[in-house]
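One structure below.
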Amino acid sequence: MIICLCEGLSDTDLRQAVREGATSRFELSNRTGAGRCCGSCRCDLKEIVSDELATADAMVTGSDVMTVLSK
């Protein structure tokens with residue numbers, strides 16, 4: 001789904017940028033250009049960053065639990 005109409009960026013594009021290191025809405029905007037023109041997608045950018053970082057944290061926590069359980 002297109003999130004940033006001005007730059008033509010989808011949620012997939014933006015989530016990939018977070019996976020590649022953007023850890024805030026500002027970093028995501030700097031990497032992709034999203035949110036820099038009209039700004040209507042800024043709330044969505046913040047939500048995408050939060051969701052992706054939470055998913056990454058859950059994956060790390062889950063792998064730590066699996067490591068402990070396998071010992």
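Here are some notes:
- Under 5 Å from the amide H of L9 lie the amide H atoms of I3, C4, each residue being 5 or more positions distant or on a separate chain, with H modelled from the backbone and absent for Pro and chain starts.
- Heavy-atom surface of the range 1-62, accessible at 1.4 Å and reported per residue (Å²): 62
The values are calculated or read from the model by the stated rules, or taken from the named source; none is laboratory data. Only a predicted model underlies this, so the values are computations on that prediction, with no experimental measurement involved. What goes into the accessible areas is simple: the full protein's heavy atoms, side chains included, and nothing from ligands, DNA or RNA. Shrake-Rupley method; radii C 1.70, N 1.55, O 1.52, S 1.80 Å.
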